[in-house]
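These notes concern the structure reproduced below.
The values are calculated or read from the model by the stated rules, or taken from the named source; none is laboratory data. All of these numbers come straight from a predicted model, not from anything done at the bench. Note: ideal-geometry Cβ built from the backbone for every residue, glycine included; neighbour counts use all protein chains shown.
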Amino acid sequence: MRRLGAIEAIYPELERSVVVTIMGAVAAELQSIGHRPNFFYLQHAMGLASSLGLGIALSRPELPVVVLDGDGSLLMNLGGLTTLARYRPRNLVHVVFDNESLLSVGGFPTATSTGSDLAAIAKAAGVPRTTTVDTLEQFRGAFLAAQSAGDLTTLVAKVEAVGPAGYVTDLSLMENRYQFARHLRERLPKE
Amino acid sequence: MSPVSTAGSRLIYDALKASDVRLMSALPETWLVHLVRMAEEDPDMILVRLAKEEEGVGISAGAHLAGVRSAMLMQNHGFLAAINGIVSCGQLYRIPLLMLISQRGSFGETDPWQTEGGGVTEYVLEALRIPFDRLEAPEHVGKRIAKAQTLALSASRPVALLLCRDLMWAD
């Protein structure tokens, strides 16, 4: 499965969600399909996308939050899985695209290439719903199930180590940041 | 009884509440025990206990983007552990982080293992151009926390308050 195809397969469902992505290929590919004001791309701070998603999910439990993470990023913040599990936001779906590689810096293999199992780590950390999928059909099905489950899910999607030609897009970091915050303000429940 | 000052901790907690802080991330250490307990007992406070301090940067950034004011409680060694997140999330994205850092390792410190962090914390804050002030006496607390919060929000940048021994420790 290719990550771009996987993101396309869930793109319609992202419209009603609040989406936080990691840097690099995930951010560039989601933007290539179409940016929306409810998408925030954390273009550095590797590992913190899941923490940032947790901050939104706890602050605004009425919003469905989707984090699009990666193996390299998650491996930098494995402790964060225990925090996610501890607070168990029912409104958060944590997707991990696992290409077993640090693709954007030259494709060096990560520890998932030598057997580290991120879904098993998430499960052992206490995440109530975890699964690993290998095909587009499985991925779309597991994502829809996670969105309707009403509980914290870590969904690991095994993807090929291929990405876009470049990572810099014409959406500036600040423009994205303020547009996203404004979008969340506009979605505050009416008094 | 713990020599950590309950009165000093209460002043800090009340000042954070007065600044409309509704979410607090914390990695407990000795000086912070009362503050963490106060957050735990407050039904209107979202307390997030961390595995490592850098997570708190992401959580506070998410809270800010979602419209909720937050504070981070950590030891100065936790601040040192969180620096990449502070720079590449907090500063890069102009997030008004309110960091409360227990300043271990200054005069009076008895734990040998705490003595390195105290000597470098203020220099690191300066190198990062993070505005900071010290809370050393009860009369500092309310005003300096309110002013720190005001600058964090107006500048949209991280700020820090150093929780110092004379305030936190009832020797």
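Give the residue, chosen from A:184, A:171, A:152, that is in contact with a His (Cβ under 9 Å, 6 or more places away or on another chain), at pLDDT 95 or above and crowded, with 17+ Cβ neighbours inside 10 Å. Working first, answer last.
Details: A:184 fails: in contact with a His (Cβ under 9 Å, 6 or more places away or on another chain); A:171 fails: crowded, with 17+ Cβ neighbours inside 10 Å.
None of the other options fit; the residue is A:152.
Exactly one of these conditions fails for residue B:120: (1) out of contact with any Ser or Thr (no Cβ under 8 Å at 6 or more places or on another chain); (2) within 13 Å of chain A (Cβ to nearest Cβ); (3) not charged (D, E, K, R). Give me its number.
(2)
How about region B:30-112: which strands (runs of 3 or more DSSP E) wholly inside it have at least 2 residues that are within 14 Å of chain A (Cβ to nearest Cβ) and either surrounded by fewer than 24 Cβ atoms within 10 Å (Cβ to Cβ) or not aliphatic (A, V, I, L, M) (or both)?
Ranges flagged: B:46-49.
For region B:140-167, how many residues are in contact with a Leu (Cβ under 9 Å, 6 or more places away or on another chain) and part of a loop (DSSP other than H, G, I, E, B)?
Of the residues in region B:140-167, 3 are in contact with a Leu (Cβ under 9 Å, 6 or more places away or on another chain) and part of a loop (DSSP other than H, G, I, E, B).
Kindly check whether there is at least one residue in region A:14-29 that is part of a helix (DSSP H, G or I) and within 14 Å of chain B (Cβ to nearest Cβ). Write out each step before concluding.
Residues of region A:14-29 part of a helix (DSSP H, G or I): A:14, A:25-29.
Imposing the further condition that a residue be within 14 Å of chain B (Cβ to nearest Cβ) reduces the set to A:27.
There is at least one residue in region A:14-29 that is part of a helix (DSSP H, G or I) and within 14 Å of chain B (Cβ to nearest Cβ).
Is there a residue in region B:7-28 that is farther than 25 Å from residue A:74 by Cβ, in a loop (DSSP other than H, G, I, E, B) and among the hydrophobic types (A, V, I, L, M, F, W, C)?
Yes, some residue in region B:7-28 is farther than 25 Å from residue A:74 by Cβ, in a loop (DSSP other than H, G, I, E, B) and among the hydrophobic types (A, V, I, L, M, F, W, C).
Output the residue which, of all residues in region A:51-65 that are outside any loop (DSSP other than H, G, I, E, B) and at the interface with chain B (Cβ under 7 Å from one of its Cβ atoms), is nearest to the chain's Cα centre (by Cα).
Narrowing region A:51-65 to residues outside any loop (DSSP other than H, G, I, E, B): A:51-59, A:65.
Filter again for at the interface with chain B (Cβ under 7 Å from one of its Cβ atoms), leaving A:51-56, A:58-59.
Details: A:51: 11, A:52: 11, A:53: 9, A:54: 11, A:55: 14, A:56: 13, A:58: 16, A:59: 18 Å.
Result: A:53.
Kindly indicate the residue of region B:5-28 that is of a type in the set (S, T, N, Q) and away from chain A (no Cβ under 14 Å) and also surrounded by the fewest Cβ atoms within 10 Å (Cβ to Cβ) among those meeting that condition.
Within region B:5-28, the first condition is being of a type in the set (S, T, N, Q), and the residues that meet it are B:5-6, B:9, B:19, B:25.
Going one step further and asking which of them are away from chain A (no Cβ under 14 Å), we end up with B:5-6, B:9, B:19.
Numbers: B:5: 20, B:6: 14, B:9: 22, B:19: 19.
Of everything passing the filter in region B:5-28, B:6 is surrounded by the fewest Cβ atoms within 10 Å (Cβ to Cβ).
Among the listed residues A:84, A:48, A:42, A:78, identify the single one that is within 10 Å of another protein chain (Cβ to nearest Cβ), of a type in the set (A, V, I, L, M, F, W, C) and more than 23 Å from residue A:139 (Cβ to Cβ). Steps first, answer last, please.
Details: A:84 fails: more than 23 Å from residue A:139 (Cβ to Cβ); A:42 fails: more than 23 Å from residue A:139 (Cβ to Cβ); A:78 fails: more than 23 Å from residue A:139 (Cβ to Cβ).
Result: A:48 is the single residue among A:84, A:48, A:42, A:78 that is within 10 Å of another protein chain (Cβ to nearest Cβ), of a type in the set (A, V, I, L, M, F, W, C) and more than 23 Å from residue A:139 (Cβ to Cβ).
Can you pull out the residues in region A:59-80 that are surrounded by fewer than 24 Cβ atoms within 10 Å (Cβ to Cβ), over 19 Å from residue A:148 (Cβ atoms) and of a type in the set (A, V, I, L, M)?
Those that are surrounded by fewer than 24 Cβ atoms within 10 Å (Cβ to Cβ), over 19 Å from residue A:148 (Cβ atoms) and of a type in the set (A, V, I, L, M): A:75, A:76, A:78.
Conditions (1) closer than 16 Å to residue B:97 by Cβ; (2) in contact with a Pro (Cβ under 8 Å, 6 or more places away or on another chain), marked per residue:
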{"residue": "B:120", "(1), (2)": "no, no"}
{"residue": "B:130", "(1), (2)": "yes, yes"}
{"residue": "B:143", "(1), (2)": "no, no"}
{"residue": "B:162", "(1), (2)": "yes, no"}
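For the subset of region B:116-139 comprising residues that are part of a helix (DSSP H, G or I) and modelled with pLDDT under 95, which member is nearest to residue B:7 (Cα to Cα)? I'd like the intermediate steps shown before the answer.
Within region B:116-139, the first condition is being part of a helix (DSSP H, G or I), and the residues that meet it are B:117-127, B:138-139.
Still in the list and also modelled with pLDDT under 95: B:117-119.
Numbers: B:117: 25, B:118: 23, B:119: 27 Å.
This residue is B:118.
Tell me which residues, restricted to region A:120-138, are of a type in the set (A, V, I, L, M), surrounded by fewer than 15 Cβ atoms within 10 Å (Cβ to Cβ) and touching a residue at least 12 places away in the same chain (Cβ under 8 Å).
Initially, region A:120-138 is screened for residues of a type in the set (A, V, I, L, M), giving A:120-122, A:124-125, A:127, A:133, A:136.
Subset that is surrounded by fewer than 15 Cβ atoms within 10 Å (Cβ to Cβ): A:120, A:124.
Result: no residue meets the conditions.
Any residue in region B:112-124 that is within 14 Å of the chain's Cα centre (by Cα) and either acidic (Asp, Glu) or closer than 25 Å to residue B:11 by Cα (or both)?
Keep residues of region B:112-124 that are within 14 Å of the chain's Cα centre (by Cα), which gives B:121-122.
From the residues that got through so far, the ones that are either acidic (Asp, Glu) or closer than 25 Å to residue B:11 by Cα (or both) too are B:121-122.
Checked against the condition, which is being within 14 Å of the chain's Cα centre (by Cα) and either acidic (Asp, Glu) or closer than 25 Å to residue B:11 by Cα (or both), region B:112-124 yields at least one hit.
In region B:16-29, which residues are touching a Leu at 6+ places or on another chain (Cβ under 9 Å), in contact (Cβ under 8 Å) with a residue 60 or more places away in the chain and aliphatic (A, V, I, L, M)?
If the condition is that a residue be touching a Leu at 6+ places or on another chain (Cβ under 9 Å), in contact (Cβ under 8 Å) with a residue 60 or more places away in the chain and aliphatic (A, V, I, L, M), then B:16, B:21 are the ones that fit.
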